[in-house]
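Read-outs: derived from the displayed coordinates by stated rules, not from any lab. Keep in mind that what you see is a predicted model, and the values were worked out from it rather than measured. Positions of Cβ are generated from backbone atoms using ideal geometry, with glycine treated the same way; all protein chains shown enter the neighbour counts.
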Amino acid sequence: MSEEVSIRYKQAAITPFWKKLPFFFLFPFRVGPLIFMVCIVAASAVAGLALGGFGLVFKGTLAYLGLRYAFNVLELFAKGRFEGHSVDYTLWGPEKRPAKLGLVIGLFILGSVTLGNTLLDSRIAKNSAVQERLLAQYNTVHAKEIEERRLELEAYDRRVARAKAAGLSDMPRTGDGDEPGDADAPADGQSASAAYIGERPDAGPSREEILQMSKPTVADPLWFKLQPAWYWMVLLLVSLMLPSAAIVIALEDNFFKALNPGLIVYFMQSIGSAYFALWAFFLSIAGARQFALNAGAHWPASVAFPLEMGLATYLGLVLFATMGYTLYQFHQELHLDVDVDFEDHRQAGGAEGIARAGSAGGALKAVASDDPLERKLQPLLKAGNIKEAIAEAKDYMRYDRFDPALNARLHELYMLAKDNAATLAHGQQWLTALVRAQQGRQAVAALRKLQGVDAEFVIEDGDVVLPTAQAALDMRDHTLAFKLLKGFDKRFPKHKDLPAVFFMGAKIMSEHMRKHEKAAALIRSVLAHHPDHAIAPEAKTYLSVLESVAAKPVVRA
């Protein structure tokens, strides 16, 4: 495949979340979230001082409110609203998402502990090394008690030995129970030697009893050390569902759907390696949050409650803001609606700019003064002179009519004017500009907007079709990609991309439509008519795979 065809038309639309961690960790200190955290801490302090045991119930209520607020932050971030607070938001009214997420996490913890206890019982029963380790730990912990019992047994054995040496059943007892001498008369029915020897001291628990008593609990670090390696592998695999479950509950409020493992694959396919980064961050923050909730177990409630709740609320806001930003970062792949598109996001100064201004609109107005074109457009738009604004933008483009940002701005003006014919006509130039700038994903987004104006909109520039189809395929929208390629040979019969278009169409037919024979026939046609094209080597390899699969016999039961 030629370099022009094989290139991936990808654009770093916004900065990945793992490069913006300072923003997320500082976000809770913005005015809205900070006021909420102060209220949570103050309420926790009152609960610790005045409510006593009932404070635990109140603490659970505050944790619920913290998660509820965090879900709202996630929703706003997922739409590109990085101010992170909404005047329409309220903490009151029905809201089940925090409870559902808590139940998911609770089930994960319960399942992990249950499996761990089962494995631990099995290891203790079968592994002598583990048994010896537990016995050694018991001996260390109870060393003083064991030594006292040993001395008692030795004293008893000495008394038995002396009684046997004397050979008398009525040997008198000493006052101190160690040497023969004067002693009180034995009780009725008891010989003097038996009274002198006394009862045998308790030998202590048996080996089985010690192993049972020494079995570590989940609060014991040894519990974790004794788990086999595969236990941790299973735990890590299962934990992959946690970010997926949180996202599904946040967006759809569906508990049972959140437990669907297939969604993990969907999110991995949609956002790629970023899902694993989010997963690692989720485990770190969620673990730290849980630790914070339990850290002050032995502290006075008046101190523990506010510290625990303050830190837990802070970490929860950081985590949910990060998840929301990740959804926004991949909203095109996940087919999510947003309030701020990537172009406005960049023009507004990114998440930081939107957060500082309090809204994307405010941020755009703040930066407009630095843009000569916007300085001309804003007064015209305020006065309602949209046609003059369009003329100004077109005049500004006279030196570079294929500037992607300027074309995006002109598209917005046409949409504002509600001139569909002009919007669609300019759309052709806009798509060409995006493809020339190698902004394939933006081209797909632009195409969808244009098709929203007219569902029958068709790309007229042959140079735009293949790159846009490739970008759609990269975004896993094979339906759109195939629709773009269909009929290309009739519309552009001598275009240089024709062999690559046929080959891409064949791959889509094989991989997504299961039409392997038609795909193979199409590739053979490409090789027959374009044997020297740069696409030929890859096409031959792909064809050989199709033919080898077709040659395999079908085994029926």
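Things to note:
- Kirkwood-type hydrodynamic radius, the stretch 487-557: 12.8 Å, calculated from all non-identical alpha-carbon pairs.
- Other residues whose C-beta falls under 13 angstrom from the C-beta of SER302 contribute a net charge of 0, scoring Lys and Arg +1 and Asp and Glu -1.
- Span-rule helices in the chain, defined as complete DSSP H runs reaching 27 Å or more along the axis (Cα) with Kyte mean at least -1.0: 31-50, 55-78, 97-126, 274-295, 301-329
- Relative contact order of the stretch 420-538, pairs being alpha-carbon contacts under 8 Å that are 6 or more residues apart, as %: 17
- Distances between placed amide hydrogens fall under 5 Å for LYS515 paired with SER510, all partners being 5 or more residues away or on another chain.
- When the P(r) is computed for the stretch 371-473, the part past 15 Å accounts for 60% of the Cα-Cα pairs.
- Set the Cα radius of gyration of the stretch 431-557 against 2.2 N^0.38 Å, with N its number of residues, and you get 1.15.
- Convex hull volume per residue for the chain, taking Cα atoms only, in Å³: 276
- Under 5 Å between amide hydrogens, built in the peptide plane, is the criterion, and for ILE535 it picks out SER2 among residues at least 5 positions away or on other chains.
- Sites excluded, chymotrypsin sites (Phe, Trp or Tyr not before Pro) in DSSP loops with at most 11 other C-beta within 10 Å, longest stretch of the chain: 93-398
- GluC sites (Glu not before Pro) restricted to the stretch 460-557 and DSSP loop, no more than 16 other C-beta within 10 Å: GLU460
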